[in-house]
1. Which residues, counting only those in the stretch B:98-115, are within 14 Å of chain A (Cβ to nearest Cβ) and either of a type in the set (A, V, I, L, M, F, W, C) or more than 20 Å from A:GLY212 (Cβ to Cβ) (or both)?
2. Within the stretch B:57-96, track down each residue that is away from every other protein chain (no Cβ under 12 Å) and at pLDDT below 90.
3. Please pick out the residue among C:ASN41, C:ASN3 that is modelled with pLDDT under 90 and not in a helix (DSSP H, G or I).
4. In the stretch C:81-97, is there at least one residue being in contact with a His (Cβ under 8 Å, 6 or more places away or on another chain) and among the hydrophobic types (A, V, I, L, M, F, W, C)?
5. Checking the condition among the basic types (Lys, Arg), outside any loop (DSSP other than H, G, I, E, B) and more than 9 Å from every other protein chain (Cβ to nearest Cβ), which residue from B:LYS23, B:LYS31 passes?
6. Within the stretch A:75-95, which residues are polar (S, T, N, Q) and at pLDDT 85 or above?
7. Restricting to the stretch A:102-122, give me the number of residues that are touching a Gly at 6+ places or on another chain (Cβ under 7 Å) and in a helix (DSSP H, G or I).
8. What is the residue count in the stretch B:116-154 for residues that are more than 14 Å from chain C (Cβ to nearest Cβ), closer than 13 Å to B:GLY86 by Cβ, free of Cβ contacts under 8 Å to residues at least 60 places away in the same chain and under 12 Å from the mean Cα position of the chain (by Cα)?
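The values are calculated or read from the model by the stated rules, or taken from the named source; none is laboratory data. Because the structure is predicted, anything quoted here is derived from the model rather than measured. Note that each Cβ is placed from the backbone with ideal geometry, even for glycine, and that neighbours are counted across all protein chains shown.
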Amino acid sequence: MFVDLLIMLVMAYGFGFLYYGLYRNISARVHGRFGPSLAQSFYDSIKLFTKNTSTDFGWMFFAGPIIMASGAIMTVLFIPYFNHGERLIGLSPYGNLIVVLYFMVLGPLGNALGVGSHGNPFGAMGITRGLTRLLGLEMPFYIAVVGLMIANESADISTIMANQAETYNIIAHPLLFIAAFISFLGFLGKSPFDVVGAPQEVYSGPAVEFGGKFLALALSQSAIFSFAKLLLMVNLFLGGADSLWDLILKTFVLFVASVFVGNVYGRFTTAQSVDFLLKVPTVIAIVGLLFV
Amino acid sequence: MQKGFVAYNNEQKSLEAETEGIKNSQTLIQKAMNWFSARSMFVVAYGTGCGAIEMPPVFTSRYDIERLGVVGVATPRQADIMIVSGYCSLKTLRRVIRTYEQMSEPKYVIALGSCTINGGMYWDSYNTIKKLEEYIGVDMYVAGCMPRPEALIEGFVKLQESIRNNTIQPGYIKYREDYAYYQANQEKLLGKEIQPVYEEDYAGMNLS
Amino acid sequence: MKNLQKTYEVTQKAERLFEVTIPQTQFWEAMIHISTQTEFNTLSQIACTDWIEEEHFLLIYILTNDARDKNLMLKVTLGREYESMPSAITLFPQAEVMERDLHEMYGIGFEGNDTLYDFVLEQWNDLPPLRREFDTLAFVHEHFAFKGGREDNKDVKVEQKRRREEAKKQKALEAEKEEAEKPKEPETDTEETQDKKPDTKEAEDGQ
């Protein structure tokens with residue numbers, strides 16, 4: 001059991017950073033240049049762990065990234081990796097989809113607590129943007145997930161995966177998939193919904209006072225979190241994975257799709273994001289609900 | 001190869017200084033840490049003067065420096081390297097020092113342009129400083145007015161080599177150990193209060 | 001324009017540049033009259049020249065018209081000993097920043113302008129630096145120290161040539177040394193080597 005959990009965590013960490021390196025390379029080719037090596041994100045996070053700490057903002061500043069990391073780790077551990085229910089299912093027998101959705105909110109919350117302790121106005125601006133954007137992102141995603149729960153009459157991820165043996169949910173409920181994919185882009189932090197950490201506007205928003213080890217923890221939790229969200233989408237809509245290669249293939253396809261969309265669009269402001277997300281994907285999700 | 005190319009290379013070499021230093025010894029952990037520090041660098045590019053125009057081509061598609069592992073970040077707290085690009089007036093120097101002290105160690109400074117070396121074009125101005133190394137610890141000078149992006153990339157490569165082989169004493173260690181010297185220079189030029197003063201009646205403005 | 005030429009003596013300096021010199025006592029009435037009654041209704045810049053030989057400052061108010069194709073210079077003289085002028089803020093709000101700049105650089109006071117504090121120079125407690133009695137070079141040499149090593153300050157091409165010639169001399173010396181140390185060759189080959197040697201020497205001289 002514990003070995004399973006450890007393997008899941010290590011896989012999430014490794015794949016998360018590998019995909020982030022791939023994202024940098026694909027973006028670079030889109031821009032017409034060569035990017036860094038694929039393992040560059042690993043080097044970044046290891047180098048950040050070796051830096052000294054130079055700030056003293058109190059204990060809540062330490063607690064912020066730790067809460068973010070714990071949110072990410074718990075999300076990953078409650079999502080089963082494979083759909084045959086034997087290995088690498090983690091803690092999913094003990095908690096269902098609703099628990100996972102709760103843990104997904106823990107990231108920005110931990111960030112907000114950490115930012116409140118140092119009082120930099122740019123951090124506060126970034127956090128307000130983040131939490132406002134979260135309002136918009138949650139609506140279509142939760143409606144789509146509720147639609148799936150109604151269709152499968154269960155909130156258990158394994159059951160939803162098992163019911164996709166004949167057709168994947170992406171074909172059975174296409175409108176729900178479209179709504180969920182649009183807000184999934186925002187959860188991954190891709191354009192057009194990446195207003196939170198805008199480097200030139202708010203000096204990377206919530207991460208403005210994060211140096212050395214805090215930034216390393218924030219980057220690591222971001223990698224684990226994005227892999228967890230990819231996995232959730234694969235389990236809910238693409239039928240889960242049978243084997244390791246299946247897992248890699250499906251997460252990679254979904255990831256590349258989100259990267260291509262992200263590279264094409266510019267950035268929405270916060271008001272525009274929430275405006276858009278509460279109109280178009282929500283309506284699509286509600287219409288999709290009618291067909292469930 | 002054409003003859004002209006070979007001749008340029010030999011002449012250039014005869015005029016360049018020796019840049020390979022003595023490799024000091026390092027323990028295994030130090031070696032690993034230095035390797036990672038050299039392999040991934042976060043830069044806060046402080047565009048103090050005209051040199052700021054030579055940094056965007058280096059960081060974007062044309063002379064892409066991300067393939068060397070160097071990426072630009074937004075705040076000094078997240079950065080390893082600060083590029084001081086051009087002349088520093090007294091007003092800017094206060095902010096540069098403040099920024100330098102906000103970075104966390106190990107940190108390096110690349111001074112771009114001739115103005116940081118010996119005053120450059122503005123050597124006879126009452127408001128710019130002549131030698132940056134009197135005020136903060138500098139690791140690498142890239143000479144030129146302005147140096148081309150290729151020169152800046154070579155500066156980065158030489159800095160990476162010197163970090164990996166531990167050939168120079170980094171500026172931050174000098175700054176930490178010799179702080180009395182730097183502080184004396186800063187106070188002599190800038191006065192006792194180096195940070196910009198925000199709370200009180202600053203220079204006649206009533207900020208309350 | 002004709003309105004202007006009736007009351008003041010206007011000289012044309014260039015195709016679009018006109019100039020009027022006004023004594024200080026009549027300056028404000030002139031300014032108000034010109035900016036309200038003629039086409040030159042907005043202020044473009046306030047410039048200042050330090051005439052240290054004639055012991056006055058020359059302030060130039062550059063006014064321009066709506067179409068932005070004609071400029072009028074209003075010249076007025078001011079004493080050098082920290083005299084002050086009434087501020088032009090009431091007529092042109094943009095004069096606030098210009099007067100702040102002039103106050104910092106020349107020491108001219110402007111009554112009615114509240115923003116005459118530090119602008120470009122922070123915590124400067126010396127002479128206003130653009131006055132001509134401020135010796136910039138002396139100030140720089142007193143406050144800053146330069147690096148050594150530029151005393152010889154050679155031209156790059158000269159230095160390259162010198163190094164190339166030294167390298168050649170060094171090479172010639174070494175070639176001579178090698179020849180002196182070469183062991184004597186056997187007799188049978190002397191004719192061939194003697195035939196060969198002059199050819200190579202000629203080739204070297206030719207280069």
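1. Within the stretch B:98-115, just B:MET103 meets the criteria.
2. Listed by number, the list holds a single entry, B:GLY86.
3. Checking each option against the conditions leaves just C:ASN41.
4. The answer is no; no qualifying residue exists.
5. Only one candidate passes the filter, namely B:LYS31.
6. A:THR75
7. 10
8. Result for the stretch B:116-154: 1.
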